[in-house]
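**Q** Following this message is one structure expressed as structure tokens.
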Amino acid sequence: MLGTFKEKVELIKELDIQNKYVFSEKASLDDILIFEKKYQLKLPEDFKDFVTNVANGIKDNEHNEVIFDETNFTNYFADLDDESHNPYIEFPVVERTKDSTNEFDYDELTNGCISLAGTGCGNGYVLIIKGKAKGQVWEDELASNSEVIPKYNNFKRWIDPKLDNIIRELKPKKKVKKSIWERIINYL
């Protein structure tokens, strides 16, 4: 497949004649810098590169599915006085964990990350943006299984297969020409 995020998205836009996929407006670098300063962190470079140079979200209009959540960096929902769902508090774990079998509670396991995409039933993928697992993509299954699971080493490894799958889906299918004998047999 193609090498860069931008090349892949350009190919998708070229192949997507029915406008099935919508790419959100890019995030501004200024908004990212304000977000980083406010929450005292640095976003992973591959993520920052994607949202500022390619798109800040992807939606499949045909299936009404969000492939990659858009992040509102200017009005991020975190309450600085709350100790859950806050990017400025470190994500506390580095390996798969079940809430009921460790010393962490639900609130702690929602910190230091931002949502990438929902997977249903309150679950989804999150990008760790603060803590020892920074840069990794984890599956948040706290709502259904009370656990968080490391899945990808970085954002690029999470988004690349999604872009590749879209490209494969949109590429015209090649017709395989049957041999003369297959055509004769089918004719009879």
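No value in this document is a laboratory result; all are computed from the given coordinates. All figures in this text were calculated on a predicted structure; none of them were measured in a lab. Glycine gets a Cβ as well: all are built from the backbone with ideal geometry, and neighbour counts include every protein chain shown.
**Q** So how much slack lies between R96 and N61, counting 0.36 nm per residue of separation and subtracting their Cα-Cα distance, in nm?
**A** 9.3 nm
**Q** Could you list K174, K13 so that the one with the fewest beta carbons within 10 Å of its beta carbon is first and the one with the most is last?
**A** Neighbour counts put them in this order, fewest first: K174, K13.
**Q** Sequence neighbours fewer than 8 away in the same chain don't count; with that in mind, list the lysines whose C-alpha is under 17 Å from K26.
**A** K6, K8, K13, K48, K59, K156
**Q** Relative to a virtual label point 7 Å from the Cα of L15 in the Cα→beta-carbon direction, which members of the range 124-164 show backbone nitrogen distances below 20 Å?
**A** Answer for this model: 156-164.
**Q** Kindly write out, for the range 128-141 in residue order, the coupling ³J(HN,Hα) from the Karplus curve 6.51 cos²θ - 1.76 cosθ + 1.60 (θ = phi - 60°), rounded to whole Hz, with x marking Gly and Pro.
**A** Once rounded to whole Hz, the list reads 7, 10, 8, x, 5, 8, 3, x, 7, 9, 10, 8, 8, 10.
**Q** Ok, one more. Just want the ordering: L109, L116, from fewest to most Cβ atoms lying within 10 Å of their own Cβ.
**A** Numbers: L109 23, L116 26.
Fewest to most other Cβ atoms nearby, the residues stand as L109, L116.
**Q** Please work out the FRET efficiency for the pair L29 and N153, using the Cβ-Cβ distance as r and a Förster radius of 25 Å; give the result to the nearest 0.05.
**A** 0.50
**Q** Under 5 Å between amide H atoms, partner at least 5 residues away or on a different chain: which partners does L116 have, H built in plane at 1.01 Å?
**A** Y125, V126, L127
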